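The values are calculated or read from the model by the stated rules, or taken from the named source; none is laboratory data. All values derive from a computational prediction rather than experimental measurement. All Cβ positions, glycine included, derive from the backbone under ideal geometry; neighbour counts span all protein chains shown. Calculation scope for accessible area: heavy atoms of the full protein, side chains included, ligands and nucleic acids excluded. Shrake-Rupley method; radii C 1.70, N 1.55, O 1.52, S 1.80 Å.
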Amino acid sequence: MAEYSALSLIKHAWTGNRDWRPAWRKPDPKPSYDVVIVGGGGHGLATAYYLAKEHGITNVAVVEKGWLGSGNIGRNTTIVRSNYLLRESIRFYEFSLRLWEDLAQDLNYNVMFSQRGVLNLAHSPGQADDFIRRGNAMRHGGADAVWLTPREIARKVPGLDLSRSARFPVVGGLLQPRAGTARHDAVAWGFARAADRRGVDIIENCEVTGFLRDGDRITGVATTRGDIEARKVAVAVAGSTGRVMKLAGIDTLPIESHVLQAFVTEGLKPFVNTVVTFGGGHLYMSQSDKGGLVFGGDIDGYNSYAQRGNLPVVEDVMSEMVALFPGLTRARLLRSWGGVMDMSMDGSPIITTGPLPGMYLNSGWCYGGFKATPASGWCFAWTIAKDEPHAYNAPYTLDRFQRGILIDEKGQGATPRLH
Amino acid sequence: MLINCPYCGPRDLCEFTYQGDANRTRPAPDSTDLSAWNSYVYERVNTAGDHREYWQHSGGCRSHLVVVRSTLTHEIKSIGMARSETAQTGRQESAGSAPRRQEKRP
């Protein structure tokens, strides 16, 4: 195994960088596998990696419609955090955060995980109480949280408008110091390389066009590169869940696909060294290592499979950004893009066996899938290997809606556009 | 995205509020069929293609609209007043429960 290390960098520099191997192979699909994972995004690749690493299942294929990491893994705003209120969520996301902390070592790939903190600004005494309650729940569940006064916030984030005359004056902020950001593409590439090194076949440009069946049982996938048989078929396709599951005859799911936009400005000098979120509306922003401010807000709010959004949300997000940081009025926007989110009916994901025999489903990430990548893969791999969920993902069933045991962080009910 | 309100004409998206999937049918209020309620509240077809959905012109005439829009391109295929559609379907749905209402009256 060609390990990445300081020594290997020096060695390759001496030899003119001619001998680098591709990070993963480009194999042709074999006729059959133990497990086929549909979707070569972060979650699918992480699942393949943990299947190989934790469960010794290496006869695995990941089939991806486009190129690796072309979906939401490369479209998010790279934030990693575990600042949730409900017990199930804290347990799962805190487990994810712990995996993140060792991920670069584990994968032998620099995912540039930077624990620069996530600061949620509160703009009213009621919101402050709510955030402090969440902070206490986080600490109770093993995560970390600190309450900051406006004076402490001013020291941490100098560019913020903390004046009393601000449209939404800041009354305090909940900081999770261990949260932060990671280099999103590197996460996809790191998981792909690490899974590939353990024998997983990553098959790009291979669209699933149908499922092979024996009665009710799923026995493989039909793809644009031929039929592939599999003892187990795992689906981790985020915003395309509806489309892919229809191929298996599952016509309805507790999921709607919505478009979320993200933005990046031109590169600026170091401006903010943490992730800041705006509680007066909905905005989250951080500064990338290149200097661009990476930020986003609400989803557009209507069903969409188009990876592009509309202007009202752009205007809304920009006005929030300028309300928080008046000094940014002249910063120029460099790029904006959209991704398709699998919005679930309670804002929490689904990681489960079924809904058909031989099938496994990982979906409903709303727009919080990136931070969950390692834990999602880890739990999904466990579920696939053992045919039952781990305690971490046991609450994330598909039938929890019918059974009335929702995990609704915000208490907004079955209105996906609000989660 | 411009939405051509039947009452006001073409207006910008920001004047409208999305009100969700219009493919669902609410069970009768006194229905105790849990699976029907479950599918109404939680299950979605999540169409990739022409999607029938409710919008309200909340920043304008406040009409509730039924819009058929492609979720792949955001192109709007048809648009109409929700009240004319619900007036029709509402009559069909209430046909079953009409006799009971009459019983209560005397």
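Here are a few things to note about the model shown:
- Ignoring lysines fewer than eight residues from A:K30 along the same chain, the ones with Cα atoms less than 30 angstrom from its Cα are A:K53, A:K65, A:K232, A:K246, A:K386.
- With all protein chains modelled, accessible area of A:V187 [1.4 Å, Å²]: 0 Å²
- Cysteines in the protein assembly as shown lacking any other cysteine Cβ under 4.7 Å from their own Cβ: A:C206, A:C366, A:C379, B:C14, B:C61.
- Separation between Cα centres of the stretch A:125-159 and the stretch A:255-272, rounded to whole Å: 23 Å
- For a label point 7 Å along the Cα-to-beta-carbon line of A:K30, residues of the stretch A:211-246 with backbone N under 18 Å: A:219-223, A:225-234
- Taking every alpha-carbon pair under 8 Å whose residues sit at least 6 apart, chain A reaches a relative contact order of 22 percent.
- R0 of 45 Å, Cβ-Cβ distance A:E315-A:T224: FRET efficiency to nearest 0.05: 0.70
- Counting only protein heavy atoms and a 1.4 Å probe, chain A has 41 square angstrom of accessible area per residue.
- Taking all protein chains together, A:R193, A:R332 sort by accessible area into A:R332, A:R193, largest first [probe 1.4 Å].
- A:R167, A:R213, ranked by accessible area, largest first (probe 1.4 Å): A:R167, A:R213
- Estimated FRET transfer efficiency (A:N17, A:A394; beta-carbon r; R0 41 Å; 0.05): 0.30
- Area accessible to solvent at A:R243, 1.4 Å probe radius, in Å²: 90 Å²
- Lysines whose Cα lies under 24 Å from that of A:K269, excluding same-chain neighbours fewer than 8 positions away: A:K156, A:K290
- Once the Cβ-Cβ distance of B:D30 and B:R83 is raised to the sixth power relative to R0 = 30 Å, the FRET efficiency obtained is 0.80.
- Taking all protein chains together and rolling a 1.4 Å probe, A:S319 ends up with roughly 60 Å² accessible.
- Charge dipole (debye, nearest 20) of the stretch A:1-150; +1 at Cβ of Lys and Arg, -1 at Cβ of Asp and Glu: 280 debye
- Acute angle (nearest 10 degrees) that the helix A:311-324 long axis makes with the longest principal axis of chain A, alpha-carbon atoms: 50 degrees
- Extending 7 Å from Cα along the Cβ direction at A:T252 and again at A:V322 yields two label points whose distance is 4.5 nm.
- Projecting the Cα positions of A:F131, A:T352, A:G267 onto the charge dipole of the protein assembly as shown (unit charges on Cβ atoms of Lys, Arg, Asp and Glu, taken about the Cα centre) puts A:G267 furthest along the positive direction.
- Taking a straight line from the alpha carbon of A:K410, these lysines sit under 22 Å away, with near neighbours fewer than eight places off in the same chain left out: A:K371.
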